[in-house]
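Novice: Submitted below is the structure of interest, expressed as structure tokens.
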Amino acid sequence: MKIALIGYGKMGRMIEEVALQRGHEIVSIIDVDNQQDFDSDAFRSADVAIEFTMPTAAYGNYLRAWEQGVKVVSGSTGWMKDHGDEVRKACSEEGKTLFWASNFSIGVAIFSAVNRYLAKIMNQFPQYGVAMEETHHVHKLDHPSGTAITLAEDIVKEIDRIENWKPILNPSQREGSDDASKPLTHLGEDGRGYLPIYSYREGEVPGIHCVRYDSEADCITITHDAHSRKGFALGAVLAAEYTKNHEGLLSIGDLFDF
């Protein structure tokens, strides 16, 4: 398979390594200093472009790739609020293809399935409050992480007493604040509340996500702790292999059936 890379930071280089190991060809690499290569024959020859860039650049990258007739696999987060409707329309009505995931790790796909199932069970036990923590490297600009948002939205769908999620950045720096003193679900007068997501940015942490259910009697915690970016890179290449022969707006749920 011929692959183009959009974004050539640490993640892009890891994807290149994994793709070559799996016998694929990298035909074009586009970064901030050679945007004109979107219009090249080399880029147009790609079966799929794999895009990992910034929240502000992702949507524009999709448009430029689609203009050249190239399908896109993307792990960029932070763009959905502003451009989600346009992307859905492009994929459902205009024949474009995007495989998007907030996290391509196979382990996170399994973790997400466990998260959904546990939330479904916990809907029956209102004595448990729930909170989430996510920790990433200091270079990650968006918060909460796209993975944390996906996990949180799955919890909101399953637990009737949770109305929404709420971001809390660096809670250790907010000592004494209302939010920092409420580690679990904050319930309003109507008995419904929000799921707090505590975000930390530390060192070079690839990514840690933790969901905690706590009651007076006990605590149940599930955690995914990435050791390196290699799991994300492998998942992105597997998604590209899938996307080559599929169309529309695709997701991890299409790739992994559980």
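Novice: Within region 103-130, restricting attention to residues that are under 27 Å from Ser74 (Cα atoms) and in contact with a Phe, Trp or Tyr (Cβ under 6 Å, 6 or more places away or on another chain), which residue is surrounded by the most Cβ atoms within 10 Å (Cβ to Cβ)?
Specialist: So, considering only residues that are under 27 Å from Ser74 (Cα atoms) and in contact with a Phe, Trp or Tyr (Cβ under 6 Å, 6 or more places away or on another chain), the one surrounded by the most Cβ atoms within 10 Å (Cβ to Cβ) is Phe104.
Novice: Another question, if that's okay. Taking the residues in region 131-164 that are under 18 Å from Gly193 (Cβ atoms) and either assigned to a loop (DSSP other than H, G, I, E, B) or aromatic (Phe, Trp, Tyr) (or both) as candidates, determine which candidate is most open to solvent (accessible area, probe 1.4 Å).
Specialist: Per the criteria, the residue is Asp160.
Novice: Among the residues of region 232-249, is there at least one that is in a loop (DSSP other than H, G, I, E, B), open to solvent by 60 Å² or more (accessible area, probe 1.4 Å) and at pLDDT below 95?
Specialist: No, the conditions are met nowhere in region 232-249.
Novice: Which residue pairs have Cβ atoms under 6 Å apart, sit 6 or more places apart or on different chains, and have a first residue in region 231-242 that is basic (Lys, Arg) and a second that is modelled with pLDDT under 95 and crowded, with 24+ Cβ neighbours inside 10 Å?
Specialist: Close Cβ pairs satisfying both conditions: none exist.
Novice: From the set of residues in region 12-24 that are in contact with a helix residue (DSSP H, G or I) (Cβ under 8 Å, 6 or more places away or on another chain) and not in a loop (DSSP other than H, G, I, E, B), which is surrounded by the fewest Cβ atoms within 10 Å (Cβ to Cβ)?
Specialist: The extreme case among them is Glu17.
Novice: Tally up the residues in region 62-79 that are modelled with pLDDT of 95 or more and either open to solvent by less than 10 Å² (accessible area, probe 1.4 Å) or of a type in the set (Gly, Ala, Ser) (or both), please.
Specialist: Final tally of qualifying residues: 7.
Novice: Which ones in region 168-211 are open to solvent by 60 Å² or more (accessible area, probe 1.4 Å) and at pLDDT 85 or above?
Specialist: Across region 168-211, the qualifying residues are Glu202, Glu204.
Novice: Here's a follow-up. Pick out the one residue from Ala58, Ala46, Ala90 that is among the aliphatic types (A, V, I, L, M), part of a loop (DSSP other than H, G, I, E, B) and open to solvent by less than 70 Å² (accessible area, probe 1.4 Å).
Specialist: It is Ala46.
The values are calculated or read from the model by the stated rules, or taken from the named source; none is laboratory data. Remember, it's a predicted structure, so these values are computed and weren't measured experimentally. Ideal geometry is used to build each Cβ from the backbone, glycine not excepted, and the neighbour counts take in all protein chains shown. Protein only, heavy atoms only, side chains kept; ligands, DNA and RNA dropped before computing areas. Shrake-Rupley method; radii C 1.70, N 1.55, O 1.52, S 1.80 Å.
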